[in-house]
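What follows is a single structure, written as structure tokens, with notes after it.
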Amino acid sequence: MRHLMSPLDFSTEELDKLFDLANDIEHNPAKYAHACDGRILATCFYEPSTRTRLSFESAMLRLGGQVLGFSDAASSSASKGESVSDTIRVISGYADICAMRHPKEGAPMVAAERSGIPVINAGDGGHQHPTQTLTDLLTIRSLKGHLDNITIGLCGDLKFGRTVHSLIHALVRYENVKFIFISPEELRVPDYIIEMLRAKDIPYEEVIRLEDVMPQLDMLYMTRVQKERFFNEEEYIRLKDFYVLNAVKLELAKPDMLILHPLPRVNEISVEIDSDPRAAYFKQAKYGVYVRMALILTLLGLAQ
């Protein structure tokens with residue numbers, strides 16, 4: 001039995017197979033419409049989610065399976081004090097696979113250690129968000145044709161953004177990838193990531209102004225400033241509008257640059273950008289269903 005806690009749980013060769021499967025699902029959906037007949041996915045979301053939870057549910061339903069679960073800790077026995085370990089042991093008797101989101105870092109790992117079914121980390125605190133990373137990688141590979149030889153700018157909340165942390169760790173395994181970190185001082189990427197990049201001799205820059213580096217970028221990964229990660233309301237209000245991508249700034253970009261965003265968007269990408277052919281974030285959300293379908297099939301041992 002295999003779980004997914006981190007994007008590094010799969011080798012690059014295994015990721016290639018996963019993405020090939022996801023692309024096949026995209027182009028031949030009828031072929032997989034009954035692949036999970038009789039199987040049940042449990043979605044255990046201790047923290048609010050729209051895209052991740054619904055994309056998991058859509059993925060399982062499109063495979064012919066069924067879904068059960070909860071979308072808020074308050075609607076589960078966690079509100080009565082039940083531990084994650086006990087919850088997953090019970091759910092192991094109800095479902096065949098589980099997707100878990102939790103505000104505490106490491107909670108899905110605890111669940112995996114006690115589980116009788118495969119567990120997928122659907123986001124744990126500010127730590128990891130591996131299925132979003134798989135979505136990001138599939139989007140880049142599908143639209144660019146490769147995952148190497150790129151310069152990627154990551155902009156916004158790089159301190160608390162688990163999607164950013166996971167994506168960096170995944171991309172360092174590919175050749176000739178350069179990172180440009182664009183953030184205010186208060187939201188810079190954590191030191192442990194910088195230390196990792198230095199140890200691997202991977203090129204990176206840290207800048208404050210997006211306009212200064214826009215012409216260099218093959219892709220721009222925008223993130224929102226996350227109110228739920230701040231302890232200080234005033235600090236959040238001060239930083240939330242620090243970066244807004246608009247048409248004027250986009251004039252500086254390459255004609256084939258991709259704009260990615262894990263969503264939800266607040267106001268960091270102007271709606272006028274949505275019609276630009278470089279805007280890939282809604283396609284990205286759709287790729288999230290295909291990659292989760294491929295992941296479910298793989299972890300259940302049903303991949304062809």
* Structure fact -> Residue-normalised value, i.e. accessible area per residue, for the chain at 1.4 Å probe, in Å², stands at 43 Å²
* Structure fact -> the chain: antiparallel bridges as % of DSSP beta bridges, rounded to 5, reads 5 percent
* Can you tell which of Ala199, Ser71, Asn267 lies farthest toward the positive end of the dipole of the chain, using +1 and -1 charges on the Cβ of basic and acidic side chains (Lys, Arg; Asp, Glu)? -> Ser71
* Just one of [x] 54, 45, 40; [y] 68, 44, 40; [z] 51, 45, 43 is Cα extents along the principal axes in Å calculated from these coordinates, so which is it? -> [x]
* To do: Heavy atoms only, probe 1.4 angstrom, no DNA, RNA or ligands counted: give me Val244, Val266 ranked by accessible area, highest first.
  => Val266, Val244
* To do: Any chance you could run the full-extension gain for Glu14 through Lys31? It's 0.36 nm times the residue separation minus the Cα-Cα distance, nm to one decimal.
  => 4.0 nm
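Report the full-extension gain for the segment Val244 to Val207: residue separation times 0.36 nm, less the Cα-Cα distance, to one decimal in nm.
Values: separation 37, 0.36 × 37 = 13.32 nm, distance 1.55 nm.
My answer for the length gained is 11.8 nm.
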* Asked: What is the spin-label model distance, in nm, from Thr50 to Val90 if the labels are put 7 Å beyond Cα along the C-beta direction?
  -> 3.0 nm
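Using Cα pairs closer than 8 Å and at least 6 residues apart in sequence, work out the relative contact order for region 14-144, in percent. Before the final figure, lay out the partial values.
On the way: 194 pairs, mean separation 28.8, N = 131.
Rounded, it is 22 percent for region 14-144.
Roughly how many debye, to the nearest 20, is the charge dipole of the chain about its Cα centre, given +1 on each Lys and Arg Cβ, -1 on each Asp and Glu Cβ, and no other charges? Please list the in-between numbers first.
Working: 34 positive and 42 negative charges, 141 e Å.
Once rounded to the nearest 20, the dipole reads 680 debye.
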* Going toward the positive end of the dipole of the chain, with +1 on Lys and Arg Cβ and -1 on Asp and Glu Cβ, which of Leu258, Asn149, Ser85 do you reach last? -> Ser85
* To do: Leaving ligands, DNA and RNA out of it, work out the accessible area of Thr12 with a 1.4 Å probe and give it in Å² to the nearest 10.
  => 40 Å²
* Structure fact -> In Å, the C-alpha Rg and Dmax of region 73-222 are 18.1, 55
* Once both labels are modelled 7 Å past Cα along the beta-carbon direction, what's the Asp256-Asp276 spacing in nm? -> 1.8 nm
* Structure fact -> Measure of exposure for Arg265: accessible area at 1.4 Å probe, Å² rounded to 10, is 60 Å²
* Suppose every K and R has +1 on its Cβ and every D and E has -1 on its Cβ; what is the size of the dipole of region 47-188 about the Cα centre, in Debye to the nearest 20? -> 240 debye
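Looking at region 12-146, what % of the alpha carbon pairs are farther apart than 20 Å? Don't jump to the answer; show the numbers that get you there.
Working: 4422 of 9045 pairs.
So the portion of pairs separated by more than 20 Å is 49 percent.
Helix-only mean residue ellipticity at 222 nm, the chain, DSSP H runs n ≥ 4 weighted -39,500 (n - 2.57), per residue, nearest 500. What is it?
Details: 10 runs with 108 residues, N = 304.
Only helices count here, giving -10500 deg cm²/dmol.
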* Which of Pro29, Ala42, His3, positive extreme of dipole for region 1-106 (C-beta unit charges) -> Ala42
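Using 0.36 nm times the number of residues separating Ala199 and Asp148, minus their current alpha carbon distance, what extension gain do you get?
Answer, rounded to one decimal: 16.4 nm.
The values are calculated or read from the model by the stated rules, or taken from the named source; none is laboratory data. Bear in mind the structure is a predicted one, so any value in this text is a computation, not a measurement. For neighbour counting, all protein chains shown are included, and Cβ atoms are generated from backbone atoms with ideal geometry for every residue, glycine included. Each accessible area value is taken on the protein alone, full model and side chains, heavy atoms only, with ligands, DNA and RNA left out. Shrake-Rupley method; radii C 1.70, N 1.55, O 1.52, S 1.80 Å.
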